[in-house]
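K.L.:
My questions all concern the structure below.
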Amino acid sequence: SKWSARQCELVESIANEFILSTSKLEALSKEFIHQMHAGLGQDKSKDLAMIPTFITGRPDGHERGCYLALDLGGTNLRVCLITLKGNHELETQQKPFKVPEHLQEAHVSELMDFIAISIKKFIANKHINAKIVEHRTGSDTLELGFTFSFPVAQTAIDAGTLLRWTKGFNCPGAVGNDVVQLLQDALNRKEVNVHVAALVNDTVGTLLAHSYQNPNTFIGAIFGTGTNASYVESAQSIKTMKTDAGEMIINIEWGNFDKDKAFLPVTIHDNKLDRESINPGIHVFEKMISGMYLGEITRNVLLHLIDHRVLFEGTSSDILNQHWAFETKYMSDIEKDSSSTLIPIAQVLEQKLGIYLNTQVDREIVKFVCQLVGKRAARLSAMATAAVIRQGLAHGALHSHGYPLKLDLDEKDDADKGTGSSEAIRVGIDGSVFEHYPHFKERMQECLAELLGSHANELVQLGIAKDGSGVGAALAALIAAKNT
Ligand code: ADP
């Protein structure tokens with residue numbers, strides 16, 4: 001079908017803003033490494049927090065025991081009982097609890113009381129209780145790993161102060177306080193016999209869990225409501241603390257990369273979203289990548305095209321006019337449609353957005369916009385992943401392995417050089433965007449090959465670590481309990 005000259009012109013100008021060339025990504029990747037170094041040093045005004053996690057080892061799959069895990073990530077609270085059986089095997093019992101919306105902005109003690117009561121209910125269940133009794137190892141107190149997926153300055157394996165809320169949470173009484181203590185106090189108030197042994201960022205949990213099943217896991221990353229990653233750094237590169245261990249997992253907090261937007265190619269549509277968010281100016285990188293935001297960026301672009309009268313004959317709908325009404329999941333549904341008539345897209349437009357009059361050209365434009373936004377997200381994700389791998393190759397945990405991967409775009413691609421016995425570098429990834437967004441993984445892989453060279457797709461394995469954070473928190477509780 002035929003696009004008008006004006007449609008072509010306007011859509012092309014948007015494409016020009018959203019398409020990221022290899023060389024642009026290379027520049028971003030260099031800057032990312034630069035900001036990693038700043039964060040590992042004493043720089044106070046750092047963009048990347050590069051938080052030491054006090055976790056100095058990775059599981060190898062032989063660990064055993066019964067541990068509780070708690071995950072407060074975004075939309076859901078999950079309580080899990082993890083039974084580690086050794087030999088890379090484990091069993092998980094879990095129950096999700098929906099965090100009532102009003103608690104996202106209530107005083108933090110109310111939120112923690114809700115969590116303590118949820119745990120109490122979970123362990124009172126007779127099946128769970130039977131498991132716990134069966135695997136009891138002496139003490140009546142259950143050890144718990146707490147996955148808390150917000151930026152925390154960790155001061156010990158079981159202590160950390162909340163730096164700021166993200167992802168729609170804004171509970172007073174929490175920022176600046178130790179979230180482990182806040183939870184332990186609530187558990188004590190509600191008389192729940194559980195000890196919070198470890199505080200784990202969800203990305204760290206993902207890394208640990210993936211490592212239980214795939215040794216040589218180097219990065220744990222999340223692409224869900226928000227985005228972040230952690231990786232293994234050599235201790236000598238971490239200038240913000242001293243440790244006797246050879247390596248430590250660092251929580252990058254990469255959502256805050258380039259907070260001054262000096263390098264990130266933000267568009268007016270990103271700026272509009274940021275301004276209207278509850279945390280303007282914060283986590284700008286995350287706002288270009290994660291599930292909470294992609295739909296809203298797309299909505300902004302579509303409204304821009306409607307206002308220029310090149311989409312839906314210039315008519316929006318009540319739903320499309322609503323802030324946050326275009327969910328990221330709709331983009332997945334739209335991108336999935338590869339039919340010639342794009343009737344499934346018409347169904348999304350009608351059923352989800354109340355747009356009944358749409359032409360084939362309209363649907364093509366909508367799909368193209370989703371591709372631009374989705375592809376940019378995947379490429380920025382790959383850019384950050386490549387940067388972290390380069391850091392590991394140049395200075396850190398991957399340094400001595402001699403991987404034939406490029407540290408620089410200008411470096412010769414040793415495509416002929418054998419990969420030797422090098423074991424693949426594993427990246428454990430959790431989150432609905434990675435798991436469900438069509439082509440997200442392939443787009444990341446394509447971009448990794450552009451940046452790291454032709455061996456990237458065999459040497460960098462992106463694997464799903466579904467619900468890894470629960471297992472990872474249990475593993476962290478085990479590591480913490482062993483160390484005390
Ligand atoms: P969380 O990060 O909150 O623990 P998820 O990993 O499920 O949980 O991520 C939730 C985010 O993923 C939401 O922002 C939602 O918009 C987005 N999402 C859910 N389903 C899909 C899908 N099919 N395709 C793309 N994004 C999705």
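Read-outs throughout are calculated quantities, based only on the coordinates presented, and are distinct from any laboratory measurement. Keep in mind the model is a prediction, meaning the values are calculated, not measured. Note that we place each Cβ from the backbone using ideal geometry, even for glycine, and neighbour counts take in every protein chain shown.
K.L.:
Could you work out the Kirkwood radius for the chain, taking every pair of different alpha carbons, averaging 1/r and inverting it, reported in Å?
P.N.:
On the way: mean 1/r = 0.0426 Å⁻¹.
Taking every pair of different Cα atoms in the chain, averaging 1/r and inverting gives 23.5 Å.
K.L.:
Of all DSSP beta bridges in the range 54-200, what percent run antiparallel (nearest 5)?
P.N.:
On the way: 24 of 36 bridges.
Percent antiparallel among DSSP bridges in the range 54-200 is about 65.
K.L.:
Based solely on its DSSP helices, what 222 nm [θ] is calculated for the chain when runs of n ≥ 4 H residues each add -39,500 (n - 2.57) and the sum is averaged over all residues, nearest 500 deg cm²/dmol?
P.N.:
Numbers: 15 runs with 198 residues, N = 484.
About -13000 deg cm²/dmol.
K.L.:
Just want the answer: with Cβ charges of +1 for Lys and Arg and -1 for Asp and Glu, which residue in 294, 306, 4 is farthest toward the dipole's positive end in the chain?
P.N.:
So the residue we want is 294.
K.L.:
Charges only on Cβ, +1 for Lys and Arg, -1 for Asp and Glu: so what's the dipole of the range 54-200 about the Cα centre, in debye to the nearest 20?
P.N.:
Numbers: 15 positive and 16 negative charges, 67 e Å.
Dipole size: approximately 320 debye.
K.L.:
Something else now. Excluding residue 466 itself, what net charge comes from residues whose Cβ is under 10 Å from its Cβ, given Lys and Arg +1 and Asp and Glu -1?
P.N.:
On the way: positive: none; negative: 430, 435, 467.
Counting the neighbours of residue 466, the net charge comes to -3.
K.L.:
Shifting gears a bit: Treating the beta-carbon of each Lys and Arg as +1 and of each Asp and Glu as -1, no other charges, what is the dipole magnitude of the range 3-104 about its Cα centre, to the nearest 20 debye?
P.N.:
Details: 11 positive and 13 negative charges, 67 e Å.
About 320 debye.
K.L.:
Hey, another quick one. Report the GluC sites (Glu not before Pro) located in the range 263-359 that are in a DSSP loop and have at most 13 other Cβ atoms inside 10 Å of their Cβ, or state none. Numbers along the way, then the final one.
P.N.:
On the way: sites: 276, 286, 296, 313, 327, 335, 350; in loops: 276, 327.
For GluC sites (Glu not before Pro) across the range 263-359 that sit outside H, G, I, E and B with at most 13 neighbouring Cβ atoms in 10 Å, the list reads 276.
K.L.:
Near residue 120, which lysines are there with a Cα under 20 Å away, not counting those fewer than 8 places off in the same chain?
P.N.:
95, 98, 131, 190
K.L.:
In a shell of Cβ-Cβ distance under 13 Å around residue 154, excluding residue 154 itself, what net charge do Lys and Arg (+1) and Asp and Glu (-1) give?
P.N.:
Working: positive: none; negative: 158, 178, 253.
Within the 13 Å Cβ shell, the charges total -3.
K.L.:
Here's another thing I want to ask about it. Given R₀ = 25 Å, FRET efficiency for residue 155-residue 34 by Cβ-Cβ distance, to 0.05?
P.N.:
Values: r = 27 Å, r/R0 = 1.06.
My answer for the efficiency is 0.40.
K.L.:
Please give every one of the aspartates and glutamates within straight-line cross-link reach of residue 367, meaning a C-alpha to C-alpha distance under 13 Å, and leave out same-chain neighbours fewer than 8 residues apart.
P.N.:
333, 335, 337
K.L.:
Return the sequence-ordered ³J(HN,Hα) values of the range 304-318 in whole Hz as given by the Karplus equation 6.51 cos²θ - 1.76 cosθ + 1.60 applied to θ = phi - 60°, using x for Gly and Pro.
P.N.:
With coefficients 6.51, -1.76 and 1.60, one gets 4, 5, 5, 5, 8, 6, 10, 9, 6, 6, x, 10, 8, 10, 4 Hz.
K.L.:
So, one more: Give, in nm to one decimal, the length gained when the segment between residue 321 and residue 126 is fully stretched (0.36 nm per residue of separation minus the Cα-Cα distance). Provide the component values of the computation, followed by the final result.
P.N.:
Values: separation 195, 0.36 × 195 = 70.20 nm, distance 4.85 nm.
Using 0.36 nm per residue and subtracting the Cα-Cα distance, I get 65.3 nm.
K.L.:
A further question on this structure: What size of dipole, in debye to the nearest 20, comes out for the chain about its Cα centre when the only charges are +1 on Lys and Arg C-beta atoms and -1 on Asp and Glu C-beta atoms? Mind dumping the intermediate values first?
P.N.:
Values: 47 positive and 59 negative charges, 123 e Å.
Rounded to the nearest 20 debye, it is 580 debye.
K.L.:
Taking the dipole about the Cα centre of the chain, with the C-beta of Lys and Arg at +1 and of Asp and Glu at -1, give me whichever of 102, 284, 29 is farthest to the positive side.
P.N.:
Most positive-ward Cα: 102.
K.L.:
Could you work out how far helix 5-18 tilts from the main Cα principal axis of the chain, as a 0 to 90 degree angle to the nearest 10?
P.N.:
30 degrees
K.L.:
Now for a different question. Can you tell me which lysines have their Cα less than 18 Å from the Cα of residue 259? Leave out same-chain residues fewer than eight positions away.
P.N.:
Candidates past the 8-residue exclusion: 24, 30, 44, 46, 167, 272, 287.
K.L.:
Could you give the length gained by full extension between residue 408 and residue 236, i.e. 0.36 nm per residue of separation minus their alpha carbon distance, to one decimal place?
P.N.:
Values: separation 172, 0.36 × 172 = 61.92 nm, distance 2.32 nm.
Here the answer is 59.6 nm.
K.L.:
Another question, then. What does the charge count around residue 407 come to, taking other residues whose C-beta lies under 13 Å from its C-beta (Lys +1, Arg +1, Asp -1, Glu -1)? Each step should come with its number before you reach the end.
P.N.:
Working: positive: 30, 390, 406, 412; negative: 26, 408, 410, 411, 413, 414.
Local net charge: -2.
K.L.:
Share of antiparallel DSSP beta bridges in the chain, in percent to the nearest 5?
P.N.:
Working: 36 of 58 bridges.
Expressed as a percentage, antiparallel bridges in the chain total about 60.
K.L.:
Pop a pseudo-label 7 angstrom from the Cα along the beta-carbon direction at both residue 436 and residue 399 and give the gap in nm to one decimal.
P.N.:
So the two model labels end up 4.2 nm from each other.
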